[in-house]
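In what follows, a single structure is set out as structure tokens and then discussed.
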Amino acid sequence: MQHYFSEKQTSALNLKKINARLRGRLFEFYTGSGVFSSKRVDKGSELLVNSAIINEGRVLDMGCGIGIVGIVIAKCFPDILVVMTDINKRAVKLAKRNVKLNNIDNAEARQGNLFEKVNEDEKFNAILINPPQKAGKKLCFEMIDKSYDYMLEKGTLQIVGRHQKGGKELSKRMETVFGNVKDVAKKSGYRVYVSEK
């Protein structure tokens, strides 16, 4: 069975547009079948993007899907650079279209698994992840573990999860890897966990 976290999608695209108000602004996104958030912006992404702590420099939106989190952050913080990555080729194509649709010039989407398309010397002030919890704990833990090496000092890893459905374990893993973790937002069973390097 194909999942939105598979590299290739064989289903027909069924392209459509969705609207969402995020961080107080109205955005429009192309979406379609075979990608995450195919019908609307999911509650986890909404909570993550509305409560993300962004200060300066470079931000990585890992597992970006159609680019919702990265595009909103890029639009609201025009002085930062946003890199978006996803394994799903269709999602990355849509993310690139959504960058143009929202007139963003400080974000780019790259297709690849985890940090595959991130250069070793690229370090980030913030890494934002709405992890594919359906893909299993092993992959989600790998995202947390590898983030540490791609982060600048005082950089933050910010993850959203369904607290009672695996999120609690993600939070514990973040504390193990970074030595600290705190909840910064909660809504509809989701929480945003933040660790600082």
Along the positive direction of the dipole of the chain (beta-carbon charges: Lys, Arg +1; Asp, Glu -1; about the Cα centre), which of N14, Y30, G155 reaches farthest?
N14
Which one of Q133, S188, V92 is farthest out on the positive end of the charge dipole of the chain, using unit charges on Cβ (Lys, Arg +1; Asp, Glu -1) and the Cα centre as origin?
S188
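For L152 and K89 in the same chain, what is the full-extension length gain: residue separation times 0.36 nm, less their Cα-Cα distance, in nm?
19.9 nm
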extent check for segment 16-196: Cα max minus min per principal axis, descending, whole Å, gives 40, 35, 29
Which of L128, L15, L60 moves the most in a Gaussian network model of the chain with Cα springs under 10 Å?
L15
Residues whose built amide H sits under 5 Å from the amide H of G155, excluding neighbours closer than 5 in sequence, are K197
In a Gaussian network model of the chain with springs linking alpha carbons closer than 10 Å, the residue among K138, K39, K168 that fluctuates most is K138
In deg cm²/dmol, rounded to the nearest 500, the helical mean residue ellipticity at 222 nm of the chain, built from -39500 (n - 2.57) for every DSSP H run of length 4 or more, is -8000 deg cm²/dmol
Provide the gained length on full extension for the span R23 to E196, in nm with one decimal, where the gain is 0.36 nm per separating residue minus the Cα-Cα distance.
60.0 nm
In order over segment 16-31: 3J(HN,Hα) from phi, Karplus 6.51/-1.76/1.60, θ = phi - 60°, whole Hz, x for each Gly or Pro, gives 8, 10, 10, 10, 7, 9, 9, 6, x, 10, 8, 10, 10, 9, 7, 9
Given the options D61, D105, D121, state which has the largest fluctuation in a GNM of the chain using a 10 Å cut-off (strictly under) for Cα springs.
D121
Computed over the chain: longest principal axis from alpha-carbon atoms vs helix 168-178 long axis, angle to nearest 10 degrees, is 60
Looking at this model, which pairs from K138/K197; K93/K138; K154/K182; K93/K197; K75/K96; K89/K134 are more than 24 angstrom apart at the alpha-carbon?
K93/K138; K93/K197
Measuring from the longest principal axis of the C-alpha atoms of the chain, the long axis of helix 89-101 (C-alpha) lies at a number of degrees, nearest 10, equal to 80
Partner lysines whose C-alpha sits under 17 Å from that of K186, ignoring same-chain residues fewer than 8 away, are K43, K165, K168, K172
Centroid-to-centroid separation of segment 132-197 and segment 74-113 [C-alpha atoms, Å]:
22
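Each value in this text was obtained by applying a stated rule to the coordinates, not by laboratory testing. The structure presented is a predicted model; accordingly, all values stated were derived computationally and were not measured. Glycine gets a Cβ as well: all are built from the backbone with ideal geometry, and neighbour counts include every protein chain shown.
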